[in-house]
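Okay, structure first, notes after.
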Amino acid sequence: MSMEIYLLTDEKVPTTQAWQAGVDALAFDVRFVDDQSLQADEVRLRAACKDKPVLMELERTSLAKVRETFPDVAFPDHVSCVHALYWSKTLEGGLAAYQAAAAYLGLVKGLMIDTEEGKLKTPDGAIELARKMTAEMPMLEAAMADILAKLAAKQRN
């Protein structure tokens, strides 16, 4: 796992089935492979996005740790639950994580902060960001394919 998003909520989504219902309601691409409880402090999440396997991890953490990571952000005084959502550093992994995080927040009305932008997002802001990433995915895939083709051609020469 290498990238992360923090979810700050006063409620928890209890299972991947409930989470998947939130994903489906938003018509996102991510699909959880296993039906499992999310009550443990650390849960490995096998998923698929755009028909490619993705591994994510949901880990309970503390608001203090998140405040330490982002000292310039004005966090709420208290939230009941803070999770870090980690994912493998692939295009599909990033898309799956942002879609999953947005769906989670849509279900429980919390806040999200990611290590890339470092800004708090409401559920609507997280959903908007996930939709933007979804729309940009074909362009990113094409750019990646072009880079890989150029590298392959250079290695043949």
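What follows is calculated from the coordinates using simple rules that are stated; it is not laboratory data. If you're wondering where the values come from, they're calculated on a predicted model, not measured in any experiment. Cβ sites come from the backbone with ideal geometry, for glycine too, and all protein chains shown count toward neighbours.
The range 58-98 and the range 101-157 have Cα centres lying 16 Å from one another. Using the Cβ of VAL54 as centre and a radius below 14 Å, the other residues enclosed give a net charge of +1, where K and R count +1 and D and E count -1.
For THR15, the amide hydrogen comes within under 5 Å of the amide hydrogens of LEU38, counting only partners 5 or more places away or on other chains and with H modelled in the peptide plane.
Across ALA145, ALA96, ALA47, mean-square fluctuation computed from a Gaussian network of the chain (C-alpha pairs under 10 Å connected) peaks at ALA145. Among the GluC sites (Glu not before Pro) in the range 62-157, those located in a DSSP loop and surrounded by at most 15 other Cβ atoms within 10 Å of their own Cβ are GLU116, GLU117. Shown is the FRET efficiency for ARG131 and ALA153, computed with R0 = 41 Å from the Cβ-Cβ distance and rounded to the nearest 0.05: 0.75.
Apply the membrane-span-like helix rule to the chain: whole DSSP H runs, Cα extent along the own long axis of at least 27 Å, mean Kyte-Doolittle hydropathy at least 0.0. List the helices found. Correct list, ordered by number: 123-156.
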